[in-house]
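The next block holds one structure in the form of C-alpha cells; read it before the comments.
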Amino acid sequence: MTARPPLPANQFEAKAFVRFGLGKFRRKQIDETLAPALCLSGDVANAVDLQERLAEVPRHEQVSDFHCVTTWSVRGVRWSGWRFADVHEQLIKPLASPDTGANLIVLRGSDGYCCAMQLQDLLRDDVLLADRLDGEPLGVDHGAPIRLVAPAHYGYKSVKHLVAIEYWKDRRNYRFPFPYPGFIDHPRGRVAFEERARLIPNALLRPIYRFLIPRSVRKQIR
Ligand SMILES: Nc1nc2c(c(=O)[nH]1)N[C@H]1C(S)=C(S)[C@@H](COP(=O)(O)O)O[C@H]1N2
Ligand SMILES: [Mo]
C-alpha cells in the first residue's frame, strides 16, 4: 500500500464524515419538496437555469480529502457529479456569456448560506458540482440536491444545497451571511496556505475554531 500524504498543517483526522454547518445553518431545515434549480446570473448576458442542462456535461467521479477550517479533516470522500470547469466551458460560457472580468463567483445555498470564490480557484480540475456521495444520491445532511466540492479550499467554500451561482465583476455588496463577520471569509481559503480568515492570525483563530467544533464532529476526531 502506498503511504498517504500527511494531512495539511494543523488538521486532525475525523473517522467519519458527519454533517457540519456554520452556527445557525446547522439547524436550518431544507425544503426538500422544492423543485431543484441552479440559477446562473450576475454580470452575464443571459441569466439561465443550469439544472436541466447538467445532464449534457460528462459525469466525473473523484475521491478527495475534505478539510474544515475548524481543523477537522476527512480522508477519501468519494464524490460524483460534474467538474465545475466543464460546466463553465460547456454550459455557462455559451448559454450565459459572463462579462469579461466577471471573476468573483458568489455561491448560494437554499438555506441562505453563501460564500464567494475566485473563478481561477473554481476552474481547478478537482472542483465538482456533486450530486452523489459514496455511490448514493447526496443526502440532505451533506448538501442535497447539489453541492460544491472544492477540496483544496476549506470546507466553508463547499456550499451545500447550491441553488445559485453568480458571476460578478467586483465585490459590490457581497457579504458573508449575517451575523457572521466578513473577516471569517478569506477571499481564497486555500488549505495549503492556511488561508483560514482575513486579518486574524492562525495562532489565535485555530484554538477558537477548535473550541467551536460541535460534539457530533468532536467524537470523530482521533
Ligand atoms: N449551505 C451550506 N453550505 C455549507 C455550510 C452551511 O452551513 N450551509 N457549512 C460549510 C462548512 S463550514 C463546512 S465544513 C461544510 C460541511 O460539510 P458537511 O455538512 O457535508 O460535513 O459545508 C460548508 N457548506
Ligand atoms: Mo467548516
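Quick notes on this one:
- Based on DSSP H segments of at least four residues, each scored -39500 (n - 2.57), the chain has a per-residue ellipticity at 222 nm of -2500 deg cm²/dmol.
- Lys/Arg +1, Asp/Glu -1 at C-beta; segment 51-183 dipole; positive extreme among SER110, TRP82, LEU148: SER110
- Summary: within the chain, the longest segment free of GluC sites (Glu not before Pro) located in DSSP loops with at most 16 other C-beta atoms within 10 Å is 33-194.
- Across segment 116-208, Cα pairs under 8 Å and at least six residues apart give a relative contact order of 22 percent.
- Rounded FRET efficiency, nearest 0.05, which uses the C-beta distance separating GLU52 from ASP170 and R0 of 25 Å: 0.25
- The long axis of helix 202-212 is offset from the longest Cα principal axis of the chain by roughly 90 degrees.
- All aspartates and glutamates inside 14 Å of LYS24 as judged from Cα atoms, apart from same-chain residues fewer than 8 positions distant: ASP111
- Since only GLN62, ALA14, TRP168 are under comparison, the one whose Cα sits farthest along the positive direction of the charge dipole of the chain, derived from C-beta charges on Lys, Arg, Asp and Glu, is ALA14.
- Point-charge dipole on Cβ atoms (K/R +1, D/E -1) for segment 1-139, about Cα centre, debye to 20: 600 debye
- Relative contact order computed over the chain (Cα-Cα under 8 Å; 6+ residues apart), in percent: 25 percent
- Euclidean distance between Cα centres, segment 193-222 to segment 22-39, Å: 25 Å
- Karplus 3J(HN,Hα) series, Hz, for segment 32-41 with 6.51 cos²θ - 1.76 cosθ + 1.60 (x for Gly, Pro): 6, 8, 5, 5, x, 8, 9, 7, 10, 8
Read-outs: derived from the displayed coordinates by stated rules, not from any lab. Bear in mind the structure is a predicted one, so any value in this text is a computation, not a measurement. FYI the Cβ positions are ideal-geometry reconstructions off the backbone, even for glycines, and counts take in every protein chain you see.
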